[in-house]
Amino acid sequence: MHTHHSHSGDYVSHANDPLEDMVNLYIKKGFKTLCLTEHMPRIDSKFLYPEELDKSYTSQNLFEDFHKYLNHAQELKIRHKEKIDIIVGFEIEGINQDHINLASRLIDDPKLEMSVGSVHFVHEIPIDFSEDLWVSAKQASLGGSTRSLYKSYFELQSKIIDLKPTVIGHFDLIRLCQPQDDYDETTNKLTKQVNIKSDWPEVWELILNNIIKVIKYGGLIELNSSAIRKGWDVPYPQKDIAEAIVEAGGKFCLSDDAHALSQIGLNYHRVLSYAKDLGIKKLYHVESTDDGIKIVSDTIEKIESSPFWNQYK
């Protein structure tokens, strides 16, 4: 089994458990590929989260932690190479152009083998931290509309995709903290009732363009199980976007986006069912080689036959 997206409490303040413990449990649970993807540093202290401020952190602490992470991850990769294929990567913070420029340099760092391309901020405001901050990002959008917020999110995602990250992280994260009663004045509907394809065609066009760009350079799009533990019935991305990816010929991989021991492999059985319902025939994963990483595919039937799934019975 594989995960292309993971975090630990050693290097991410909103995660819980030590990296060593995380790796050991991934091995125990039967994972064969583990991508370590701690967040890249945020450049300015104004982008620190409350739990980081509680530790009296500055952006310099984030850079120091990231450097420690790279050394630690390399050591773990070597130590556990007979048990699990550890691939050392990072998660992009696509906050603004300065962060995109830093991510571009990190992608070229020989210590980093892969990357997860993500957007957590729109108009430099976090959109997956709380409903209040999501609303603040909406208010900062053109006309203060949700439609404009979505447009800005996928435009920023397009810039991240231009970096050609190995994996696109939680494709539709913009939906996570959207209030249930959020209203779209442009269609006179609750936003949760909006059909993006027919109601917001300019946003749908951005989504399709992003999917095609990923396919053209050979990137993977994760089925990220963390959305289920956060209250969704399905992983990221939701069905409308997932179906568009399938129709376009996109390649999916699996991620648990675990931030704690209790989240390792959590709800993977539900992700597998979702993939089958979508008609996905193959899932992809990365593997280490002497010349770097390569992308490998397995049929759903082969994946389903693994004893890994016994733990969910």
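Values quoted throughout were computed directly from the atomic coordinates according to the rules given, and no laboratory measurement underlies them. In this text the structure is predicted, and so the values were computed from the model without any measurement. Note: ideal-geometry Cβ built from the backbone for every residue, glycine included; neighbour counts use all protein chains shown.
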Please state the relative contact order of region 158-313 as a whole percent: Cα pairs under 8 Å, 6+ residues apart? 19
Using only the Cα atoms of region 211-299, build the gyration tensor, take square roots of its eigenvalues as a ≥ b ≥ c, and label the shape rounded, prolate or oblate: rounded if a/c is under 1.5, else prolate if a/b is larger than b/c, else oblate. oblate
Between Asp109 and Leu53, what FRET efficiency comes out of the Förster formula 1/(1 + (r/R0)^6) with R0 = 22 Å and r the beta carbon distance, rounded to 0.05? 0.20
Pair Asp199, Thr186: separation of 7 Å Cα→Cβ label points (nm): 1.1
Mind giving me the nanometre distance, one decimal, between the label points for Ser305 and Glu82, set 7 Å out from Cα along Cα→Cβ? 2.8
Lysine pairs in region 207-296 8 or more apart or on different chains: how many have alpha carbons under 13 angstrom apart? 5
Compute a Gaussian network model of the chain, connecting alpha carbons closer than 10 Å, and tell me which residue from Thr187, Thr146, Thr33 fluctuates the most. Thr187
When the helices in the chain are scored as -39500 (n - 2.57) per DSSP H run of 4 or longer and the sum is shared across all residues, what 222 nm value do you end up with, to the nearest 500 deg cm²/dmol? -11500 deg cm²/dmol
Amide H neighbours of Ser6 at under 5 Å, excluding residues fewer than 5 places away on the same chain, with H built from the backbone geometry, are Thr37
Give or take rounding to whole Å, what are the principal axis extents of the alpha carbon atoms in the chain, in descending order? 57, 48, 35
Between region 1-64 and region 89-168, how many Å separate their Cα centres? 18
Can you compute the charge dipole magnitude of region 76-222 about its Cα centre, using +1 on each Lys and Arg Cβ and -1 on each Asp and Glu Cβ, nothing else charged? Give it in debye, rounded to the nearest 20. 520
The answer for His170, listing residues at least 5 apart or on another chain whose modeled amide H is closer than 5 Å to its amide H, is Glu222
